[in-house]
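Working notes, beginning with the structure itself.
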Amino acid sequence: MIEQPWALALRRRLRGTPAAAGRLYRHRWTRKIAMATVIFLVSVGGAVIGTMLFAHAALNVGPFRAETSISPSVLGGTEVDIPPLGSLHLDSHDGPIHLKVNLASLDQSRTEALIDDPAAISSAGENAVDDVRLGVMRLGVRTLGIAVLSAMILAALIFREIRRVAAAGLVALAVTAGSLGLAAGTLRPDSIAEPRYEGLLVNAPAVVGDARRIADNYGRYADQLQQIVSNVSRLYTTVSSLPVYEPAGNTTRILHVSDLHLNPASWGLIRTVVQTFDIDAVVDTGDMVDWGSAAETNYVSSIPSVGVPYIYVRGNHDSTAIQAAVARQRNATVLDNSITTVDGLTIAGIGDPEFTPDKSETPAAADPDDPTTSPLAASGARLADTIQKSDKPVDVALVHDPAMAQPLSGVVPLVLAGHLHHREVSLLPAPTPAPDASASASPAPQPSAGDAPAPETRLMIEGSTGGAGLRGLEKEKPTPLSLSVLYFDENHLLKAYDDIQLGGTGESNVEMQRNVIGAKPEPSDNPSPSGP
């Protein structure tokens, strides 16, 4: 059989392929690139191992013997452990390193000095900034040296050649110095104004500090660090009880709860927060029960045990019988298109117009924002009309379903709602002016320089303080119990709020997030009006 010329050429080309691949593999640039890659991986691996094992140092902060450490991390940030009180998490910087400060031990001599001389607590706070700054700088230098040394040791064990060991050291020096430089370049000192607390709920106000004071001193890193050090110093040096900073005399604290859904554990949680945070009043944005039946009216009898005024609006799971039972409690006020005042704060509210304990049988409105087709929007419009006719300005409006909030935009600075069983905070879109029939005949007047813009309205939707009741167990993970502490100044403006969250049924973790108004851009996304 005679082989075709094209087949013969293909056979010769295939026979030459391994030889060509071998020549490419033996090319000096290929070998150099491969070796450089290996050296890079070895140096980075050695730097990471050395940092994780040895990048820690001790420093003195106030009465504490603190342990600081640096570890590789994608998100960066700082964690301050204060056993047994909990920990503070700060979004302090970006970059591939995470700083951890463990205030685990006390220096006996310095602690005794603080006990004998309470004024020394202030001086400890004043020196805390310099102590931490110097300690972190020393830790950074130590980490740099450890990373380079670890990379060189690992390279020496692998390559056994001085030039490659030196190259690994240079790579580790560049990578580590770049990581430390990135963290320093993205440092956010004001992150200490909004720490995230994890630990025992009763210790949260003492560890984080008073929201009024933190809001007023926002952006002053040294003052905030002194505040935290002083707070923790007082906690550790007081034997009888854990002290909590007293709020400023002109601060009003409101506890926002919603969607208890017959969970008996909610009342104990509410009482704990009221006592720990020195709450002036509780506002409840509805869905206290599940079905609105007469048998459920006994659940509201725990309202007097809260010990402070209790302001309530009806939810879609609450019947008029439940509303009447709440109104009979001696410290309760039911708002249904009405206004009340508590501790100088003017609050308006209206109940949910729908009673739909079984949402599967409720048809959705054609346009949830149109008062002519949506009873929710119509109720919001009724409340807006009541507020506008009031002889004094209203500070807070209460509704249950967020779909009722839009008509209140520009009418009241703050709207509180529930219903969705998860937290959302947003600014309501500005109200659209009604079209004028005469606008087509004459041009619209231009706004003058003196015209004030429409006030912004913040919508705050609470999660479920009852963990969604039995519904919370239907999901793969239990719904957490959520509630928020709102801080108002002497002008009745919201200054800050603490979001508190407890793990759902069967879980015990507690988190508290401090949020300062104006400390960061407000979210602009609008909440979905759908929910339970």
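The values are calculated or read from the model by the stated rules, or taken from the named source; none is laboratory data. Quick caveat: nothing in here was measured; it's all calculated off a predicted structure. Every residue, glycine among them, receives a Cβ derived from its backbone with ideal geometry; neighbour counts consider all protein chains shown. We work out accessible area using only protein heavy atoms, side chains counted, and drop any ligands, DNA or RNA first. Shrake-Rupley method; radii C 1.70, N 1.55, O 1.52, S 1.80 Å.
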Filtering the stretch 376-387 for residues that are at pLDDT below 95 and either in contact with a Phe, Trp or Tyr (Cβ under 7 Å, 6 or more places away or on another chain) or not small (Gly, Ala, Ser) (or both) leaves a count of 1
- Would you be able to say whether some residue in the stretch 478-485 is over 18 Å from ASP287 (Cβ atoms), within 20 Å of the chain's Cα centre (by Cα), buried (at least 22 other Cβ atoms within 10 Å of the Cβ) and at pLDDT 80 or above? yes
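Does any residue of the stretch 336-349 turn out to be in contact (Cβ under 8 Å) with a residue 24 or more places away in the chain and farther than 18 Å from ALA397 by Cα?
First, the residues of the stretch 336-349 that are in contact (Cβ under 8 Å) with a residue 24 or more places away in the chain: 337-340, 342-349.
With the extra rule that they be farther than 18 Å from ALA397 by Cα, the set shrinks to none.
No, the conditions are met nowhere in the stretch 336-349.
Return the residues of the stretch 332-341 that are of a type outside the set (Val, Ile, Thr) and open to solvent by 30 Å² or more (accessible area, probe 1.4 Å); say none if nothing qualifies. Walk me through it before giving the result.
Of all residues in the stretch 332-341, those of a type outside the set (Val, Ile, Thr) come to 332, 335-338.
Residues satisfying the conditions are ASP336, ASN337, SER338.
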Of the listed residues (LEU154, LEU114), the one being modelled with pLDDT of 90 or more and over 20 Å from LEU187 (Cβ atoms) is LEU154
- Message: Kindly evaluate ILE270 against the criterion of being in a helix (DSSP H, G or I), surrounded by 21 or more Cβ atoms within 10 Å (Cβ to Cβ) and at pLDDT below 65.
- Response: no
Counted residues in the stretch 177-204 being assigned to a helix (DSSP H, G or I) and modelled with pLDDT under 85 come to 9
Quick count over the stretch 55-98, residues being at positive phi and at pLDDT 75 or above, is 3
Over the stretch 164-173, the set of residues open to solvent by 30 Å² or more (accessible area, probe 1.4 Å) and at pLDDT 90 or above is ALA166, ALA167, LEU170, VAL171, LEU173
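Condition check ((1) assigned to a helix (DSSP H, G or I); (2) open to solvent by less than 30 Å² (accessible area, probe 1.4 Å); (3) of a type in the set (Asp, Glu)) across all residues:
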| position | (1), (2), (3) |
| --- | --- |
| HIS256 | no, yes, no |
| LEU260 | no, yes, no |
| ASN263 | no, yes, no |
| SER266 | yes, yes, no |
| GLN275 | yes, no, no |
| VAL283 | no, yes, no |
| MET288 | no, yes, no |
| TRP291 | no, no, no |
| ASN298 | yes, no, no |
